[in-house]
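S.K.: What follows is a structure written as structure tokens; I'll ask about it next.
FYI, it's all coordinate maths here, none of it is from the lab. On a predicted model such as this, the values are computed, not experimentally measured, just so you know. Here the Cβ positions follow ideal geometry from the backbone for every residue, glycine too, while neighbour counts run over all protein chains shown.
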């Protein structure tokens, strides 16, 4: 068993996981800044389903990009 390879794999997984979470947060913040209304208020209080689907789609798109970058 090659412990160095296992440790490198775990570290790479943690690094890419953190990068993915940071990208999710940045995408959400960017969408909140670009929108001429409060995204959080529209989704939470007004229960705007269309906006929630749009935000979910953006996050899924970023997830696919991060997964493609990880896969190579």
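S.K.: Once you've got the GNM for the chain with C-alpha springs shorter than 10 Å, pick whichever of 52, 12, 25 has the biggest mean-square fluctuation.
M.R.: Greatest mean-square fluctuation among the candidates belongs to 12.
S.K.: Order by neighbour count: 65, 43, fewest other Cβ atoms within 10 Å first, most last.
M.R.: 65, 43
S.K.: Give, in nm to one decimal, the length gained when the segment between residue 33 and residue 6 is fully stretched (0.36 nm per residue of separation minus the Cα-Cα distance).
M.R.: Value of the extension gain: 5.7 nm.
S.K.: Separate question: Using a Förster distance of 25 Å, how high is the FRET efficiency between residue 70 and residue 41, based on the Cβ-Cβ distance and rounded to 0.05?
M.R.: The computed FRET efficiency comes out at 0.15.
S.K.: So, one more: Could you work out [θ]222 nm for the chain from helices alone, using -39500 (n - 2.57) per DSSP H run of at least four and dividing by all its residues? Round to the nearest 500 deg cm²/dmol.
M.R.: Result for the chain, helices only: -29000 deg cm²/dmol.
S.K.: On a full-extension model of 0.36 nm per residue, what is the gain between residue 15 and residue 48, subtracting their alpha-carbon distance, rounded to one decimal in nm?
M.R.: 8.5 nm
S.K.: I'd like the projected area of the chain, averaged over all directions, using the convex hull of its alpha carbons. Report it in nm² with one decimal.
M.R.: Across all orientations, the chain yields a mean hull projection of 6.0 nm².
S.K.: In whole percent, what relative contact order does the chain give with Cα contacts below 8 Å and a gap of six or more residues?
M.R.: This gives 33 percent for the chain.
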